[in-house]
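Here, each number is a calculation from the coordinates, and none is a lab measurement. Keep in mind that this is a model prediction, so the values were computed, not measured. Note: ideal-geometry Cβ built from the backbone for every residue, glycine included; neighbour counts use all protein chains shown.
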Amino acid sequence: MIKDFILPDIGEGVVECELVEWLVKEGDTVVEDQPIADVMTDKALVQIPAPFAGVVTKLYYAKGDIAKVHAPLYAVQIEGAVEIASEESIATEPAATTAKVTEPVAATTANTSSSSSVSIEEFLLPDIGEGIVECELVEWLVSEGDWVEEDQPIADVMTDKALVQIPAIKAGKIAKLHYRKGQLAKVHAPLFAIEVEQVTSAPAATNTDTVANAAPTAQAVSAEPARQGKSLASPAVRRMARSLDIDLSQVPGTGKHGRVYKEDITRFQQGASNVSTPSTTQVKEAPAQATQASQTQVPTSTVTQRADTVEPIRGVKAVMARMMVESVSSIPHFTYCEEFDLTNLVALRESMKVKYSSDEVKLTMMPFFMKSMSLALSQFPVMNSQVNADCTELTYKARHNIGMAVDSKVGLLVPNIKDVQDKSILEVAAEITRLTQAARSGRVAPADLKDGTISISNIGALGGTVATPIINKPEVAIVALGKLQTLPRFNAKGEVEARQIMQVSWSGDHRVIDGGTIARFCNLWKQYLEQPQEMLLAMR
């Protein structure tokens, strides 16, 4: 049988890739896991392995072409399937011998056709680049026996970069989940098995009775998926059902193959609330003796046994732990603190917030902090540099890729806004909004986490005033922003005024940055923020 290899969805929003190099040619015999092609996404170079052995019959793209995700990449003739097909053809030959054996052979053919219309395929965990060879199975979004649609989310897996959702590349029934929650899944190894319907044409029948007999069997097979397994529903619908304590298998679905929508749950809930009264009444009408018995069983004194909870450190948390230890042990940190009076900046931002804020753009204080920092970095490029491992070379980075530490549900993530030096304040604000939403859900693209040059930690969002941040290696500096406070300060006339004050705390790499440099840099940054008109004049 000739089977198309479908280019899998490798996540991260990749929908197409460039065919860099074929590693085989048409007519070659390949074995399972043999590299077939190198493809280039907008994230990295990815090598596509063969999921099964066979003979390559067709390469659908030429070198340099753009291949589409979920489209055939190449065709392969599977040896096992060829042998099965030949056996079936031999079995059908006696049907033409005599009229006496026509009906039994037709029945056998019908059975063979129905059994071969369903095949079990292994879904191999794809290579998502960035050198990742394994990931933690965070959550299965389906169960064995569930019927799934193409592109339906199957599982959440945690790499050492971010949380990634694995979709189904085909519709079918989940036959086997190869990992338990919390286990480490290997790249290029089977993640789950799926039972897929194969569209096959039955052999020509010898009479109308045979066709009539075979038709109900085919209908039964095609109708079977709607009855087996649990209800088909999206993760959002499943979360809604869990929050309402509703068993999805009891909810009649109005979608294709019985798919359950939110409206179906709402209707079911309204119906269930009407029938819940009798059961409640029955509980209330329970014999008084049972109530008394339950009361007498209450112990006079109880000793609660509490056990310690052990949780493995994996994924983003494990990476953070390793990087922080490496940073502190290899970089001599020193701290510099300063006080900023942001009264004028707060007023400017308030006057612009209503006009320029939207669902896509949240005009917070952070875009002003980043843009003014970029302007100051142009005057002090050593703050935007990186030092090599043995501290023999210093690289001044041309791009101002400013990172922001985000406390996400999967741990500390530091996505960065690329090329702040070339962006307007509104463009920076749009990027901050996008990355903040992605980070809080734990689904940041690896490209957004790479190539940072300097970082900001907004500890003040949680209420802190002063911190000693740890440098995000290989960067050489990081700043922590304290919370904005209304405090009394003397003005130029000696009068006490209420001012908007923020404490900032810098950590610098003392191998390449001295105290005077970081102080002068911070003073320039402070000038841009305390006097926004100076920042506007410095912009190009």
Residues other than ARG499 with Cβ under 9 Å of its Cβ, Lys/Arg counted +1 and Asp/Glu -1, net out at -1
Between CYS391 and GLU26, 0.36 nm times their residue separation minus their Cα-Cα distance comes to what? 126.3 nm
Amide H partners (placed H, <5 Å) of ALA37, local residues excluded: LEU23, ILE48
If each residue of separation counts as 0.36 nm, what is the full-extension length gain between ILE246 and TYR356 once their alpha-carbon separation is subtracted? 35.4 nm
Could you pull out every residue, at least 5 positions away or on a different chain, whose amide H is within less than 5 Å of the one on TYR179? Hs are placed 1.01 Å off N in the peptide plane, and Pro or chain starts have none. none
Residue-count net charge about ASN384 - beta-carbon cut-off 11 Å; Lys, Arg +1, Asp, Glu -1: +1
Using 1/(1 + (r/R0)^6) with R0 = 25 angstrom and r between the beta carbons of ASN491 and GLU534, what's the FRET efficiency to the nearest 0.05? 0.85
Would you grab the residues whose amide H sits under 5 Å from the one on SER408? Only those 5+ places off in sequence or on another chain, please, with H modelled 1.01 Å from N. LEU413
What order, most packed first, do the peptides 327-339, 64-76 have when packing is the mean number of other Cβ atoms within 10 Å of each residue? 64-76, 327-339
Neighbour-limited loop hits for trypsin sites (Lys or Arg not before Pro), region 388-449 (at most 12 other Cβ within 10 Å; DSSP other than H, G, I, E, B): LYS409
